[in-house]
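Quick notes on the structure that follows.
The values are calculated or read from the model by the stated rules, or taken from the named source; none is laboratory data. Keep in mind the model is a prediction, meaning the values are calculated, not measured. Every residue, glycine as well, gets a Cβ built from its backbone with ideal geometry; the counts of neighbours run over all protein chains shown.
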Amino acid sequence: MQFIEGYWNHRYLQGETGWDIGYVSTPLQAYFDQLTNKDLRILIPGGGNSYEAEYLFKQGFTNIYILDISVIALQNFQKRVPDFPLEQLLHQDFFDLNERFDLIVEQTFFCALNPSERSRYVVKMHSLLKENGKLAGLLFNIPLFEDHPPFGGNEQEYRQLFSEYFSIDIMETAHNSIPKRAGNELFIKLQKK
C-alpha cells in the first residue's frame, strides 16, 4: 500500500492530475440531479479532489463518504470544503473497506487500477453495496495506456466483467460528456444482483 499511496501523493503534489477537470462532470451532475433521497449512503472511491462529493454535499446529501489512498487528495478536499464531516473522509485502501452503501459513484477510479485488479474491483463493489444498491458513473470506452493509469477498456469487456454480479440497467455512450471526453465515456448504472 505504501508504494501505491506514495505514487498518488506524488501525482497530486506535482499537479499530475490530468483526470481532474476541476468540477463535477456533466453526466454525473445530471444523474445526481434526479436523485430524490438525500439520505442515501454514498461512497466515492478513489475520490481525489471529489467535486462530485462537493456538489452532492451542497445539494443537501449528508451521508457521502470519500475514500482515497492519497492523504494529499483528502487534504485538498478538506481545505476546499471545510464543513464536510472529517469522519466521512476515509484514508485507506479501497479493498480494505468493510461498510455498506446504497450508491457507489465511479469517476476515474476504475481506470486508475491495474486491469489485473478489475475482477477484484467488481467483487468488492458488490460486497460494499446494500441489497439493491447501485454502482453509477463513467468508464472510459477507449484503449488508453497499457503500462500506467489511466487504463482504458471497452463496453464488451465491461459487460462481461460486471454481468455476473450486477444487472446492467444502463451502459451506453454518455451523451453529455465534457468536450474532450465526448464519445469516449460510457455512463453506467448497475444494480447489485
(message) Among the residues in segment 160-176, are any assigned to a strand (DSSP E or B), on the phi > 0 side of the Ramachandran plot and out of contact with any Leu (no Cβ under 7 Å at 6 or more places or on another chain)?
(response) no
(request) Please determine, by comparing only the residues of segment 25-66 that are in contact with a Phe, Trp or Tyr (Cβ under 9 Å, 6 or more places away or on another chain) and among the charged types (D, E, K, R), which one is surrounded by the most Cβ atoms within 10 Å (Cβ to Cβ). (result) 52
(message) Against the conditions (1) at pLDDT below 95; (2) buried (at least 17 other Cβ atoms within 10 Å of the Cβ); (3) in a loop (DSSP other than H, G, I, E, B); (4) over 14 Å from the mean Cα position of the chain (by Cα), where does residue 22 fall short? Just the number, please.
(response) (2)
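Residues checked against (1) among the small types (Gly, Ala, Ser); (2) under 15 Å from residue 47 (Cα atoms):
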| position | (1), (2) |
| --- | --- |
| 88 | no, yes |
| 111 | no, yes |
| 127 | yes, no |
| 137 | yes, yes |
| 146 | no, no |
| 158 | no, no |
(request) Can you tell me which residue within segment 126-148, out of those that are touching a residue at least 60 places away in the same chain (Cβ under 8 Å) and not acidic (Asp, Glu), is surrounded by the fewest Cβ atoms within 10 Å (Cβ to Cβ)? (result) 132
(request) For residue 57, state whether it is in a loop (DSSP other than H, G, I, E, B), of a type in the set (A, V, I, L, M, F, W, C) and more than 14 Å from the chain's Cα centre (by Cα). (result) no
